[in-house]
Amino acid sequence: MPSDLARLGVVDAADRLAAGDCSAVELVEACIAAQEAARNLNAVVADTAERARAAAVHADQRRRRDEARPLEGIPVAVKDIFCTEGVATTACSRILDGFVPEYESTVSARLWDAGAILVGKTNMDEFAMGSSNETSRCGPVRNPWSPVDGPSLVPGGSSGGSAAVVAASAVPAALGTDTGGSIRQPASFCGVVGLKPTYGRCSRWGIIAFASSLDQAGPLTRSVADAALILEHIAGFDPRDSTSADLAVPDLHTALQGDVRGLRVGVPSEYRLDSLPSSISDLWEQGIAWFRDAGAELREVSLPHTRYALPAYYIVAPAEASANLARYDGVRFGARSMGTDPDELYTRTRRDGFGEEVRRRVMIGGYVLSEGYYDAYYLRAQQVRTRIAEDFRHAFQDVDVLLTPTTPSSAFPEGAKTDDPLAMYVNDIFTVPASLAGLPAISVPAGLDEDGLPLGLQLVGRAFDEVTLLQAATVLEAAAGTFRPPAMAA
Amino acid sequence: MALTDDDVRRVAELVRIRLDESEVKPLGEELSRIFSWIEALREVDVAGVAPMTSVVEMQLREREDAVTDGNCRDRILSNAPAAEDGHFVVPRVIE
């Protein structure tokens, strides 16, 4: 049954392929069919079926010749923010209409070099600016957990399409990017695993830039082991990214075998918000109990500057975005709105090409970087960021990993927060601090709320200690089990 | 912190985004709301705190000053909205 093949995770699919139980052609066809069947989700924005079929034939040939690579024949969907050579890439923005990259991002190139196959470019918030996938010029994505006859729930964002296509079992894994929570928040909303590696672990080269000191690529999968395997193949030094870390990538697979007895797990008291729904605080307590049962040592820790993380983020990220997005001028690539002189060409192109949220953030960024305001806003935000990083450094003297909720709510209905930017920004309240500090973090599906919607718990690790992070994640996964959307269960 | 209409027009000009006059006031109100939320940062004591300039502790690398790329004019121009004779085409700059 092809549909069963599409449900396989990365590790299981690799085993089946290696054992000769199925072919890459069958696996790829199963994912193409599953994505076709899940079309109503609007999770996939560029059709890659023909390329994928050709690559699958090639993968099966390599295997017959005993030349199979570690991910030979494994389908992976890729967020539309990764430049893919010869495949339209727009970051779901009108301003990149018609852009077909002449080069491949380092991270996706590494996947294809390891034998993986591109099956679907996924929908996202425009330029990764959003927490609900509703700012995409390709339209919103429907969360596979939406009630069958009810309103569409958002998948989270900005990697909403990647989370949805994995949750719908239409691909074993997808790549996303995370700037302030854009992998972890949609992973939580869709009931899948989402991993943001340490800043510098994965190359940013060829990823359309949003906020360069925060952007980081990572996997969305249905299991922790699958996330570890994908990370192993996308991580590593790249001379083309000046902030890429020149460090060996650990054997993350072996790491998962370890046990967590004696692991010190920190619980940050500042994350206990009064406004937190009881379903989320109860789940957090449950997570604490799971770690205790597994032999870990739980400790309360303090991260005193937590409440300043979100405001600092909304200076730093828009400032960097306004600089990065200055390149969209209607001259060198993408869409153009004509003007009678260059200035009119720029201002009309950017007016027509950027959506409302992107224009808003570029304006915020332009303002905080403008003459007379730089010190009051940008400089101060970067000082606060230092404080936040110090908080974490201090906490990690006493603990090995931190346990928090991923999001302050479960998936909400489409349109519920589009009129209030601040209400939307608060979605990232638990994910932004680790982003500002550059730390690795993972969201693991941990339970369902009273409406039957998935909720994730977040773990945050020390810089470059993905090993401990993933080890701890397996504890949550083993205790909580895995979750499938009811509509997909049949 | 409230942005004036002139602030909004000034920023729009800096970031080269055309605004209709009717959008200036609502946008100013919305940005003012966001900035008054950001004001919370004033509470933080940052005296003597170095601004973060490197996310993870690392030394910036140096590289050989060598050409590693080039001879790809036509590939670059392939994505241009308008190109002619190996050049980008823009509206007339000099009258």
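The values are calculated or read from the model by the stated rules, or taken from the named source; none is laboratory data. Being a predicted model, the structure only gives us computed values, none of them experimental. No Cβ is skipped: glycine too gets one built from the backbone with ideal geometry, and neighbour counts run over all protein chains shown.
Which residue, of A:368, A:358, is β-branched (Val, Ile, Thr), within 24 Å of the chain's Cα centre (by Cα) and crowded, with 21+ Cβ neighbours inside 10 Å? Before you say what the answer is, go through the steps one by one.
Numbers: A:368 fails: within 24 Å of the chain's Cα centre (by Cα).
The unique qualifying residue is A:358.
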Picked from the range A:78-119 (must be in contact (Cβ under 8 Å) with a residue 40 or more places away in the chain, β-branched (Val, Ile, Thr) and part of a strand (DSSP E or B)), the residue farthest from residue A:133 (Cα to Cα) is A:117
If you go through the range A:326-344 one residue at a time, do you hit one that is buried (at least 21 other Cβ atoms within 10 Å of the Cβ), closer than 30 Å to residue A:391 by Cα and either more than 9 Å from every other protein chain (Cβ to nearest Cβ) or at pLDDT 95 or above (or both)? no
Could you list, ordered by first residue, the pairs with Cβ atoms under 7 Å in which the first is in the range A:224-245 and closer than 17 Å to residue A:200 by Cβ and among the basic types (Lys, Arg) and the second is modelled with pLDDT of 95 or more and buried (at least 21 other Cβ atoms within 10 Å of the Cβ), at least 6 apart or interchain? A:240/A:106; A:240/A:203
Tell me, which residue of the range A:347-373 that is touching a residue at least 60 places away in the same chain (Cβ under 8 Å) and more than 8 Å from chain B (Cβ to nearest Cβ) is nearest to residue A:127 (Cα to Cα)? A:358
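Quick check on my filter: what residues within the range B:15-25 are assigned to a helix (DSSP H, G or I) and within 11 Å of chain A (Cβ to nearest Cβ)?
Step one: of the range B:15-25, the residues assigned to a helix (DSSP H, G or I) are B:21-25.
The answer is B:23, and nothing else.
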Given the conditions (1) without any contact (Cβ under 8 Å) to a residue 40 or more places away in the chain; (2) within 30 Å of residue A:462 (Cα to Cα), every one holds for residue A:304 apart from (1)
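Conditions tested, residue by residue: (1) under 14 Å from the mean Cα position of the chain (by Cα); (2) on the phi > 0 side of the Ramachandran plot.
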position: A:198; (1), (2): yes, no
position: A:214; (1), (2): yes, no
position: A:220; (1), (2): yes, no
position: A:225; (1), (2): no, no
position: A:231; (1), (2): yes, no
position: A:255; (1), (2): no, no
position: A:262; (1), (2): no, yes
Taking the stated definitions as given, is residue A:34 at pLDDT below 95, under 26 Å from the mean Cα position of the chain (by Cα) and either assigned by TED's automatic domain parsing to the domain that holds residue A:143 or closer than 29 Å to residue A:152 by Cβ (or both)? no
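Tell me yes or no: at least one residue of the range A:328-341 is in contact with a helix residue (DSSP H, G or I) (Cβ under 7 Å, 6 or more places away or on another chain) and either in a helix (DSSP H, G or I) or among the acidic types (Asp, Glu) (or both). Even if it seems obvious, please write down each step before you answer.
Taking the range A:328-341 first, the residues in contact with a helix residue (DSSP H, G or I) (Cβ under 7 Å, 6 or more places away or on another chain) are A:328-330, A:334-339.
Filter again for either in a helix (DSSP H, G or I) or among the acidic types (Asp, Glu) (or both), leaving A:329.
For the range A:328-341, residues in contact with a helix residue (DSSP H, G or I) (Cβ under 7 Å, 6 or more places away or on another chain) and either in a helix (DSSP H, G or I) or among the acidic types (Asp, Glu) (or both): present.
Take residue B:50 and decide whether it is touching a residue at least 24 places away in the same chain (Cβ under 8 Å) and in a loop (DSSP other than H, G, I, E, B).
On the way: touching a residue at least 24 places away in the same chain (Cβ under 8 Å): no; in a loop (DSSP other than H, G, I, E, B): yes.
No; evaluated as a whole, the condition is false for this residue.
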Strands (runs of 3 or more DSSP E) lying entirely in the range A:213-311 (those with 2 or more residues that are of a type in the set (S, T, N, Q), loosely packed, with under 15 Cβ neighbours inside 10 Å and within 14 Å of chain B (Cβ to nearest Cβ)): none
Would you pick out the residues in the range B:51-95 that are facing chain A (nearest Cβ under 9 Å), in contact with a helix residue (DSSP H, G or I) (Cβ under 6 Å, 6 or more places away or on another chain) and of a type in the set (Gly, Ala, Ser)? none
Answer yes or no as to whether residue B:2 is part of a loop (DSSP other than H, G, I, E, B), out of contact with any Leu (no Cβ under 8 Å at 6 or more places or on another chain), among the small types (Gly, Ala, Ser) and facing chain A (nearest Cβ under 7 Å). no
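Considering only residues that are in contact (Cβ under 8 Å) with a residue 60 or more places away in the chain, assigned to a loop (DSSP other than H, G, I, E, B) and more than 22 Å from residue A:213 (Cα to Cα), which ones fall in the range A:397-415? Give the steps one after another, and end with the answer.
Just the residues of the range A:397-415 that are in contact (Cβ under 8 Å) with a residue 60 or more places away in the chain, to begin with: A:398-415.
After this cut, where a residue has to be assigned to a loop (DSSP other than H, G, I, E, B) as well, the list is A:398-400, A:406-412, A:414-415.
Of everything in the range A:397-415, those that are in contact (Cβ under 8 Å) with a residue 60 or more places away in the chain, assigned to a loop (DSSP other than H, G, I, E, B) and more than 22 Å from residue A:213 (Cα to Cα) turn out to be A:398, A:399, A:400, A:407, A:408, A:409, A:410, A:411, A:412, A:414, A:415.
Looking only at the range B:3-50, how many residues end up being of a type in the set (Asp, Glu) and either surrounded by 18 or more Cβ atoms within 10 Å (Cβ to Cβ) or under 21 Å from the mean Cα position of the chain (by Cα) (or both)? Write out each step before concluding.
Pass one, the range B:3-50, residues of a type in the set (Asp, Glu): B:5-7, B:13, B:20-21, B:23, B:29-30, B:39, B:43, B:45.
Add one more test, that the residue is either surrounded by 18 or more Cβ atoms within 10 Å (Cβ to Cβ) or under 21 Å from the mean Cα position of the chain (by Cα) (or both), and what stays is B:5-7, B:13, B:20, B:23, B:30.
So the answer is 7.
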Would you say residue A:419 is free of Cβ contacts under 8 Å to residues at least 40 places away in the same chain and either within 14 Å of chain B (Cβ to nearest Cβ) or farther than 22 Å from residue A:141 by Cβ (or both)? yes
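Given the condition among the aliphatic types (A, V, I, L, M), surrounded by 20 or more Cβ atoms within 10 Å (Cβ to Cβ) and under 21 Å from residue A:217 (Cβ atoms), answer yes or no: does some residue in the range A:403-413 qualify? Let's see the steps before the verdict.
Initially, the range A:403-413 is screened for residues among the aliphatic types (A, V, I, L, M), giving A:403, A:411.
Right, trim to surrounded by 20 or more Cβ atoms within 10 Å (Cβ to Cβ) and you get A:403, A:411.
Among the residues that remain, those that are also under 21 Å from residue A:217 (Cβ atoms) are: none.
No: the range A:403-413 contains no residue that is among the aliphatic types (A, V, I, L, M), surrounded by 20 or more Cβ atoms within 10 Å (Cβ to Cβ) and under 21 Å from residue A:217 (Cβ atoms).
Identify, please: which residue in the range A:374-395 is small (Gly, Ala, Ser) and surrounded by fewer than 24 Cβ atoms within 10 Å (Cβ to Cβ) and is, among those, farthest from the other protein chains (Cβ to nearest Cβ)? I'd like the intermediate steps shown before the answer.
Within the range A:374-395, the first condition is being small (Gly, Ala, Ser), and the residues that meet it are A:376, A:381, A:389, A:395.
So of that shortlist, the ones also surrounded by fewer than 24 Cβ atoms within 10 Å (Cβ to Cβ) come out as A:376, A:389, A:395.
Working: A:376: 9, A:389: 6, A:395: 17 Å.
The extreme case among them is A:395.
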